[in-house]
Amino acid sequence: MFEFLKAGGFLILPILICSVIALAIVIERFFTLKTRNIIPENIISKAHKLVASGNVPSKKEIESVRNSSLVGKVLAAGLSSLQSPRHIMKESLEETGRHVAHEMDKYMTALGTIAAVTPLLGLLGTVVGMIEVFSVITQMGVGSPTDLAGGISTALITTAAGISVAVPALIFHRYFKGKTNDYVVRMEQEALKMVELASDNRRSPTATIPAAPTTPKQPPRRRAVKTANTRGTA
């Protein structure tokens, strides 16, 4: 193995570093982007029950939802603005959703960069190897294949190493991006359900408003009629 890496020349080192970084990103994303860590069903049902109850959630309940998962952060934003108008609630959910989507895309730029750069490093190794071959031909001619083998092996090994790293990195990059997009769509659906549920509660509140107390009507006062000579003589 060491001889293989040595034959690849100095450009095999950055390709090897890229492979280690890509492997670490893939392992980390596999554990992070599990469904139970992103969209657990129990948290969704808990948030919907808090909205359907018609009561204002306490800070403890909101923090419990927020700290549970990524979708919990989105739903907690809706619970915090439950008493706000519909458009304010939607803006809060959308803003938090953008932050959560950015968090799910963590390391995806690095993985995509590795998938694009490693073939170029392999191609650069090919160019360097061919330069070495032509340098040997210029100095010694083409009579000794052994002298030409070093440059040819450098060209082939770096190209193979670059492609071997780039192909899996590109596959996992597309896989994780697709998974992230599915999670974003699901979060949008759950956020819309929360908005509609809160709107329904505003239109048909469960609490009854007590009627204002009525005061008993008093009989109208009789007007005194002034008459002249009320005390007349018989």
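The values are calculated or read from the model by the stated rules, or taken from the named source; none is laboratory data. Only a predicted model underlies this, so the values are computations on that prediction, with no experimental measurement involved. A quick note on method: Cβ atoms are made from the backbone with ideal geometry, for glycine too, and the neighbour counts reach across all protein chains shown.
Kindly indicate the residue of segment 150-194 that is touching a residue at least 12 places away in the same chain (Cβ under 8 Å) and basic (Lys, Arg) and also farthest from Phe30 (Cα to Cα) among those meeting that condition.
Result: Lys193.
Against the condition closer than 17 Å to Leu192 by Cα and of a type outside the set (Lys, Arg), how does Ala52 come out, does it pass?
Working: closer than 17 Å to Leu192 by Cα: yes; of a type outside the set (Lys, Arg): yes.
Answer is yes for this residue.
Taking the residues in segment 31-43 that are surrounded by 16 or more Cβ atoms within 10 Å (Cβ to Cβ) and hydrophobic (A, V, I, L, M, F, W, C) as candidates, determine which candidate is modelled with the lowest pLDDT. Outline the logic, then answer.
Taking segment 31-43 as the starting set, the residues that turn out to be surrounded by 16 or more Cβ atoms within 10 Å (Cβ to Cβ) are 33, 38-40, 43.
Filter once more, so that each one left must be hydrophobic (A, V, I, L, M, F, W, C): 33, 38-39, 43.
On the way: Leu33: 89, Ile38: 89, Ile39: 88, Ile43: 85.
Applying the filter and picking the extreme gives Ile43.
I'm checking my understanding of the structure. Among residues of segment 72-113 that are of a type in the set (Gly, Ala, Ser) and part of a loop (DSSP other than H, G, I, E, B), which one is nearest to Phe31 (Cα to Cα)?
Going through segment 72-113, the residues of a type in the set (Gly, Ala, Ser) turn out to be 72, 76-78, 80-81, 84, 92, 97, 101, 110, 112.
So of that shortlist, the ones also part of a loop (DSSP other than H, G, I, E, B) come out as 81, 84.
Details: Ser81: 32, Ser84: 36 Å.
Once the filter is applied, the top-ranked residue is Ser81.
Does Lys46 satisfy the criteria of being basic (Lys, Arg), modelled with pLDDT under 85 and assigned to a helix (DSSP H, G or I)? Please lay out each step first, then the result.
Values: basic (Lys, Arg): yes; modelled with pLDDT under 85: no; assigned to a helix (DSSP H, G or I): yes.
No.
Take Val20 and decide whether it is out of contact with any Pro (no Cβ under 7 Å at 6 or more places or on another chain), of a type in the set (Val, Ile, Thr), exposed (fewer than 15 other Cβ atoms within 10 Å of the Cβ) and more than 30 Å from Ala166 (Cβ to Cβ). Quick ask: steps written out before the conclusion?
Details: out of contact with any Pro (no Cβ under 7 Å at 6 or more places or on another chain): yes; of a type in the set (Val, Ile, Thr): yes; exposed (fewer than 15 other Cβ atoms within 10 Å of the Cβ): yes; more than 30 Å from Ala166 (Cβ to Cβ): no.
Judged against the criteria, Val20 is not a match.
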